[in-house]
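Report on the following structure.
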Amino acid sequence: MVSTEYERKIAARFATFDQDGNGYIDREDFNAATKALLAEFGIAARSDKGQALYIGAEAFWQGMAGIADRDGDQRITREEFVGGAVKRLRDNPDRFAEIARPFLDAALAIADGDGDAAATVDEVARALKALGAPETVATAAAGALDADSDGRVTEPEIVSAFARYFTVPE
């Protein structure tokens, strides 16, 4: 059985996805995140990187909706998020990572200023701020993502950390 404390902590992460704060996650939240990242890094929506980010966001939305949208209304409520997505994914964070991977890969490519398949900690913090994280949280989170302390964040580091964050409350 999932503990109330576990559900409370995971429910707090719901706001990360609910970009417009309307109480549910929908396709528009994923589009808003995409637009914010593209604007922050000055990338055109019709560019290859922009299109990859939109495609990744749509794949992420479809994966989330497929797991959590129990009533099929194309919106995920906080209850559906906790009861559907999290309960189904907590024992298998890799499944969540696979759902998020296309978006995270494309977001990393957007933030990666020199095209070497890794973003600097500062670039990651900038991306997190664009997605709505407060500056202090974004800076701390970006630093924590750099698992090997080389000043760069790679795809394996970001995908693994993302999956853990949304499936493990500690």
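Name the residue that is nearest to the chain's Cα centre (by Cα), counting only residues in region 143-170 that are among the hydroxyl-bearing types (Ser, Thr, Tyr) and either surrounded by 15 or more Cβ atoms within 10 Å (Cβ to Cβ) or modelled with pLDDT of 95 or more (or both).
Pass one, region 143-170, residues among the hydroxyl-bearing types (Ser, Thr, Tyr): 149, 154, 160, 165, 167.
From what is left, the residues that are either surrounded by 15 or more Cβ atoms within 10 Å (Cβ to Cβ) or modelled with pLDDT of 95 or more (or both) are 154, 160, 165, 167.
Working: Thr154: 15, Ser160: 11, Tyr165: 10, Thr167: 12 Å.
The qualifying residue nearest to the chain's Cα centre (by Cα) is Tyr165.
Looking only at residues that are among the charged types (D, E, K, R) and within 21 Å of Asn31 (Cβ to Cβ) in region 120-142, which one is farthest from the chain's Cα centre (by Cα)?
Arg126
Return yes when Arg101 is under 23 Å from Asp29 (Cβ atoms), within 13 Å of the chain's Cα centre (by Cα), at pLDDT 90 or above and surrounded by 19 or more Cβ atoms within 10 Å (Cβ to Cβ) and no when it is not.
Details: under 23 Å from Asp29 (Cβ atoms): yes; within 13 Å of the chain's Cα centre (by Cα): yes; at pLDDT 90 or above: yes; surrounded by 19 or more Cβ atoms within 10 Å (Cβ to Cβ): yes.
For Arg101, the condition - under 23 Å from Asp29 (Cβ atoms), within 13 Å of the chain's Cα centre (by Cα), at pLDDT 90 or above and surrounded by 19 or more Cβ atoms within 10 Å (Cβ to Cβ) - is met.
Would you mind stating whether Gly50 is of a type outside the set (S, T, N, Q), surrounded by fewer than 17 Cβ atoms within 10 Å (Cβ to Cβ), out of contact with any Phe, Trp or Tyr (no Cβ under 9 Å at 6 or more places or on another chain) and modelled with pLDDT of 90 or more?
Here the answer is no, as Gly50 does not meet what is asked.
Would it be correct to say that Ala107 is at pLDDT 95 or above and either closer than 30 Å to Thr4 by Cβ or within 16 Å of the chain's Cα centre (by Cα) (or both)?
For Ala107, the condition - at pLDDT 95 or above and either closer than 30 Å to Thr4 by Cβ or within 16 Å of the chain's Cα centre (by Cα) (or both) - is met.
With Asp73, Asp69, Asp122 as the choices, which residue is at pLDDT 95 or above and more than 27 Å from Ala39 (Cβ to Cβ)?
Details: Asp69 fails: at pLDDT 95 or above; Asp122 fails: more than 27 Å from Ala39 (Cβ to Cβ).
Asp73 is the lone residue from the list that is at pLDDT 95 or above and more than 27 Å from Ala39 (Cβ to Cβ).
Quick check, is Ala142 more than 24 Å from Ala44 (Cα to Cα), in contact with a Pro (Cβ under 9 Å, 6 or more places away or on another chain), small (Gly, Ala, Ser) and in contact (Cβ under 8 Å) with a residue 12 or more places away in the chain?
No.
The values are calculated or read from the model by the stated rules, or taken from the named source; none is laboratory data. Computed from a predicted structure; not experimentally measured. A quick note on method: Cβ atoms are made from the backbone with ideal geometry, for glycine too, and the neighbour counts reach across all protein chains shown.
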